[in-house]
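For reference, the structure is listed below as structure tokens.
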Ligand code: BGC
């Protein structure tokens, strides 16, 4: 029996405390007959669920739409609760599906005027550039829960905070409110405290630490107090009574504070906790010398208070060590078998005053924790025991580290199994995309990419989770966006960050190289490939989700970036001056000059300008902005013309005779004629062959090269590159035992020593962007229309793979492609959800075959070139026998 499932509004996983006034609804249809189509839907809505007189209505619409469907005619009010159920009609049937499970939606505080309280601060003005301790604030209030229908806390902070009520944690978020461009947008969180409120006296406590707001951020020594010198919390506690009336509990005179047992804490530095200074939950605590707080009027801060767009940061899972070792120094070393972002959780018994020291590192070098790559992020935690006879359990509250290994000095007594675990911490996104193949090394690489994404989506998309950066580098997520959109439901997290990109864009449209921007000495000049995130990422999210609203809300930001670059080219389309990061980390560049790529930096810049202008024109087309579409397609054409004049010979050779230059020209469609494409393709294959199938591309070329090769029919060359295990290659790190993607191809050298360069992270997702090629081309699961409303299935078997599979939880439901090859015959199992058509590209057939929803077994003979031998080793350039003519279709 067909059913409507998976109701969701906007990009929320839990639509509680949301900021959208007119949230749109999406759903999936499951268990329908093959090929079934929705012809109509009906929504049953209850507004003001807890009001004495809720409003109910149903609306029936003849439509096949199931994504981002409007629900309300009049917008949500602040705090309003609604429930939505949906059902639909399929094909000609008169019988609707049963009603779906209800989805409860609750609005947050939608108007600035809803906030009636001020910030309160235990430390209103501290200009010191040093690591500080945390504070506990508390307020006591009285209630009569008999009369309370619901109770809410709306809260945010200048700093990071945790809330407790009557001795129990409120919510399970970590490092709230997360990191946004605090000067523009400060996120608040909504908590349901109804079950925790008790009769009579209640005590609310807030733990508060510097976090991103006031702690040290950035490299080159970093900067303190980036957003202010205050540490403060904004907390509004509201009780809704049974008659529907709302009381904001006036805590303004009730707040007081004490230093927390967290005596020192920073995101980079680590946390020190003295459990002897714990503040008990008992009448004794009232007798303590609580100090007054300072009130900081809300009006003195200009940031807009915004509800979250994506999921919060949480403790996602715990890992047990795979090895525990007693070091000669007496310390304990733990290997968790996986490089993560997170922290340790320890359980032990020790006398009062006994301190353990916890150090973290991603890798070992010379059998020691390698801390040099952490640079200015010591990542050391300390816990001093209170001396409780039954033992103590501790995990840091306000810091996180990037690590696989940890050492604990001064562990009390023998190590007992289970007493030390690693807690994985990141944004709690839902996994959506999977890949597997017959090549275990390739699968391990894919898993490493997934881990690097997890570790770098800690509230915002970052470069790395371990050293003194952890910043929202724009270029990294620009290249990784398509992979991120496939692997996880990451749209909410990314939409939130894109709003910060727009907020931080200069008046001239310039996009900072990382967002939120910290003034720590890095050039603020615009860089191609980095600033282009303003266009590429909204476009990617639109393609992958089908949500035009993303384009609509980012359009101005996209346009401002393209206008800015057009102005830098003085209208010529040729971006040939100023700062560039170029094909960053080209492996042939010297380790100390990662921007010194073989590819002309202005070739990269002009290519990106052309592509961004073109994507912007397409976005304008989607939004029905015809004038802008025509205008920006002209900007794109001008840039393409400039690119050709400056960098392309009439025959199709590129002035930078590099893999990156040619890949850009091919994938960004910058060449004019088929002859040029043929020549460029042949040259690309020759270069890749000449390199002996090792990587010679940096941030810019790496995500494109396999697609570029496949686009000229050189799939075999793409596989040789993809499956290469010699350094530099994607799989080299896997053979070196990597569990995440490295920043440099050779972050660890073959002899096990660490690359001497300044930047040597073992957890950067950027170079893992190629998994998008694996999903689309190796397994063959691609979209043919935005949001996967139509799917294109075009596997490129090769590389000796006998099977590959990808599946994706699309907005319509799961699409799965799994192929197996026996000799020249390929057998594919294809699953298509209701509402979607799949076009399957079959070799030698002029048109794709179309498959409607359902499961299909498809067989065909693969192209001869796809029956490929094992991947090639690095070619010895001095051995002529290694030279084999590359195949170009
Ligand atoms: C970051 C990169 C970033 C680059 C650009 C590095 O330090 O870790 O991933 O894109 O700088 O300069």
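For this structure, a couple of remarks:
- Scanning region 713-727 for residues being touching a residue at least 40 places away in the same chain (Cβ under 8 Å) and buried (at least 21 other Cβ atoms within 10 Å of the Cβ) gives a total of 10.
- In region 474-487, the residues that are within 14 Å of the ligand (Cβ to nearest atom) and surrounded by fewer than 24 Cβ atoms within 10 Å (Cβ to Cβ): 475
- Members of region 366-382 found to be touching a strand residue (DSSP E or B) at 6+ places or on another chain (Cβ under 6 Å), in a strand (DSSP E or B) and surrounded by fewer than 24 Cβ atoms within 10 Å (Cβ to Cβ), listed by number: 369, 380, 382
- Being free of Cβ contacts under 8 Å to residues at least 40 places away in the same chain, within 15 Å of the ligand (Cβ to nearest atom) and closer than 14 Å to residue 533 by Cα is true of residue 462.
- Failed item in (1) in a loop (DSSP other than H, G, I, E, B); (2) within 16 Å of the ligand (Cβ to nearest atom); (3) modelled with pLDDT of 95 or more, with residue 593 passing the rest: (3)
- Against the list (1) loosely packed, with under 14 Cβ neighbours inside 10 Å; (2) within 26 Å of the chain's Cα centre (by Cα); (3) within 28 Å of residue 194 (Cβ to Cβ), the condition residue 220 fails is (3).
- Unique residue being over 20 Å from residue 361 (Cα atoms) and either touching a helix residue (DSSP H, G or I) at 6+ places or on another chain (Cβ under 9 Å) or more than 16 Å from the ligand (Cβ to nearest atom) (or both) when the list is 467, 499: 499
- Flag if residue 603 is touching a strand residue (DSSP E or B) at 6+ places or on another chain (Cβ under 9 Å) and either under 21 Å from residue 670 (Cα atoms) or within 16 Å of the ligand (Cβ to nearest atom) (or both): yes
- Within region 188-201, the set of residues being modelled with pLDDT of 95 or more and either on the phi > 0 side of the Ramachandran plot or part of a strand (DSSP E or B) (or both) comprises 189, 190, 191, 192.
- Flag if residue 233 is closer than 30 Å to residue 372 by Cβ and surrounded by 24 or more Cβ atoms within 10 Å (Cβ to Cβ): no
- Test: residue in region 608-626 that is out of contact with any helix residue (DSSP H, G or I) (no Cβ under 8 Å at 6 or more places or on another chain), under 30 Å from residue 553 (Cβ atoms), at pLDDT 95 or above and surrounded by fewer than 21 Cβ atoms within 10 Å (Cβ to Cβ): yes
- Considering residues of region 754-770 that are in contact with a strand residue (DSSP E or B) (Cβ under 7 Å, 6 or more places away or on another chain) and within 30 Å of residue 807 (Cα to Cα) only, the residue farthest from the ligand (Cβ to nearest atom): 762
- Pairs, first outside any strand (DSSP E or B) in region 165-183, second surrounded by fewer than 16 Cβ atoms within 10 Å (Cβ to Cβ), C-beta under 8 Å, six or more apart: 166/198; 166/281; 167/281; 183/302
- Yes/no for residue 573 being away from the ligand (no atom under 16 Å from the Cβ) and either without any contact (Cβ under 8 Å) to a residue 12 or more places away in the chain or outside any helix (DSSP H, G or I) (or both): yes
- Number of positions in region 636-680 that are in contact with a strand residue (DSSP E or B) (Cβ under 9 Å, 6 or more places away or on another chain) and not in a helix (DSSP H, G or I): 6
- All helices (runs of 4 or more DSSP H) inside region 443-548 with 1 or more residues being touching a strand residue (DSSP E or B) at 6+ places or on another chain (Cβ under 6 Å): 474-487, 491-504
The rows are residues; the columns are (1) buried (at least 22 other Cβ atoms within 10 Å of the Cβ); (2) modelled with pLDDT of 95 or more; (3) within 23 Å of residue 310 (Cα to Cα); (4) within 16 Å of the ligand (Cβ to nearest atom).
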site	(1), (2), (3), (4)
510	no, yes, no, yes
546	no, yes, yes, no
553	no, yes, yes, no
565	yes, yes, no, no
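Matching residues to (1) away from the ligand (no atom under 16 Å from the Cβ); (2) closer than 30 Å to residue 553 by Cα; (3) at pLDDT 95 or above; (4) out of contact with any helix residue (DSSP H, G or I) (no Cβ under 7 Å at 6 or more places or on another chain):
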site	(1), (2), (3), (4)
207	yes, no, yes, yes
237	yes, no, yes, yes
240	yes, no, no, yes
245	yes, no, no, yes
252	yes, no, no, yes
275	yes, no, yes, yes
286	yes, no, no, yes
297	yes, no, yes, yes
312	yes, yes, yes, yes
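- Residue in region 195-205 that is within 29 Å of the chain's Cα centre (by Cα), crowded, with 16+ Cβ neighbours inside 10 Å and under 17 Å from residue 134 (Cβ atoms) present: no
- Out of 363, 313, sole residue that is in contact (Cβ under 8 Å) with a residue 24 or more places away in the chain, crowded, with 16+ Cβ neighbours inside 10 Å and more than 30 Å from residue 752 (Cβ to Cβ): 313
Yes/no matrix, rows are residues, columns are (1) in contact with a helix residue (DSSP H, G or I) (Cβ under 8 Å, 6 or more places away or on another chain); (2) modelled with pLDDT of 95 or more; (3) buried (at least 17 other Cβ atoms within 10 Å of the Cβ):
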position	(1), (2), (3)
520	no, no, yes
523	no, no, no
530	yes, yes, yes
538	yes, yes, yes
541	yes, yes, yes
560	yes, yes, yes
570	no, yes, no
575	yes, yes, yes
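- Residue list for region 735-753, filter: closer than 18 Å to residue 452 by Cβ and away from the ligand (no atom under 12 Å from the Cβ): 735, 736, 737, 738, 739, 740, 745, 746, 748
- Scanning region 444-455 for any residue that is surrounded by 24 or more Cβ atoms within 10 Å (Cβ to Cβ) and within 11 Å of the ligand (Cβ to nearest atom) turns up nothing.
- Here residue 814 qualifies as under 29 Å from the mean Cα position of the chain (by Cα), outside any loop (DSSP other than H, G, I, E, B) and farther than 30 Å from residue 369 by Cα.
The values are calculated or read from the model by the stated rules, or taken from the named source; none is laboratory data. Please read these numbers as outputs of a predicted model, since none were measured by experiment. Every residue, glycine as well, gets a Cβ built from its backbone with ideal geometry; the counts of neighbours run over all protein chains shown.
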